[in-house]
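The values are calculated or read from the model by the stated rules, or taken from the named source; none is laboratory data. Please read these numbers as outputs of a predicted model, since none were measured by experiment. Positions of Cβ are backbone-derived with ideal geometry, glycine not excepted, and every protein chain shown enters the neighbour counts. In case anyone asks, the SASA skips ligands and DNA or RNA and just uses the protein heavy atoms, side chains included. Shrake-Rupley method; radii C 1.70, N 1.55, O 1.52, S 1.80 Å.
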Amino acid sequence: MSVAFRRESDEEHLEPKFELPIPPGPNLVTPRGLAMIEARLRDIEATLAATTEVEARKKVLREARYWRTRQATAQLAPLPPQDSVAFGSRARFRLNGQDRALDLVGDDEADPTQGRIAFSAPLARAMMEAGVGELLDVGGKAEAMEILEIGVSDSMEA
């Protein structure tokens with residue numbers, strides 16, 4: 001029989017399972033973000049202890065590898081300066097005629113529905129190092145955003 005018609009096993013035709021992608025760059029975290037990572041790891045460890053089915057266990061182990069890596073590489077950020085937007089800042093700004101406030105936090109802590117965006121997000125990068133009253137170019141529009149107020153994010157509190 002020709003090699004073209006032989007099938008070694010069903011395993012070779014399964015979709016490969018890749019590791020969860022780690023965001024590029026430093027893993028800066030707030031105290032709240034570090035606590036979130038530690039809590040997530042505790043939950044995963046408990047799930048892993050209770051999981052016996054092989055495929056389900058592989059999925060939990062994959063998730064555990066991601067969170068262990070995130071915990072091992074976490075760099076607790078210092079308090080941000082009060083005079084410019086930085087990691088850990090809460091920035092109040094006006095964009096398209098609307099006043100908004102966002103906290104700049106780590107990748108794993110980001111939750112736009114709660115007003116927290118990753119420091120690596122395009123909007124956050126546009127605000128970095130800006131001071132109160134500065135007009136910033138955003139989305140291809142010149143002077144589309146104005147920084148109104150800068151403070152320290154609640155996430156920076158231990």
Inter-part gap, Cα centre of the range 20-53 to Cα centre of the range 86-100, in whole angstrom, is 29 Å
To the nearest 10 degrees, the tilt of helix 54-73 (Cα long axis) against the first principal axis of the alpha carbons of the chain is 40 degrees
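Note down the net charge around ALA126, summing +1 for each Lys or Arg and -1 for each Asp or Glu among other residues with Cβ under 14 Å from its Cβ.
Details: positive: ARG94, ARG100, ARG125, LYS141; negative: GLU129, GLU134, ASP137, GLU143, GLU146.
For residues surrounding ALA126, the net value is -1.
Tally Lys and Arg at +1 and Asp and Glu at -1 over the other residues with C-beta under 15 Å from the C-beta of GLU38: what net charge comes out?
On the way: positive: ARG32, ARG40, ARG42, ARG68, ARG70; negative: ASP43, GLU45, GLU63, ASP108, GLU109.
Cβ neighbours under 15 Å give a net charge of 0.
Run lengths n ≥ 4 of DSSP H only: what is the helix-derived mean residue ellipticity at 222 nm for the chain, with -39500 (n - 2.57) per run over all residues, to the nearest 500? Write out the running numbers ahead of the final one.
Values: 3 runs with 46 residues, N = 158.
Helix contribution divided over all residues of the chain: -9500 deg cm²/dmol.
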Note, VAL60: beta-carbon cut-off 15 Å, +1 each Lys/Arg, -1 each Asp/Glu, net +3
Carbon and sulfur atoms account, in whole percent of the 1.4 Å probe accessible area of the range 105-158, for 47 percent
Expressed per residue, the solvent accessible area of the range 19-148 in Å² (1.4 Å probe) is about 57 Å²
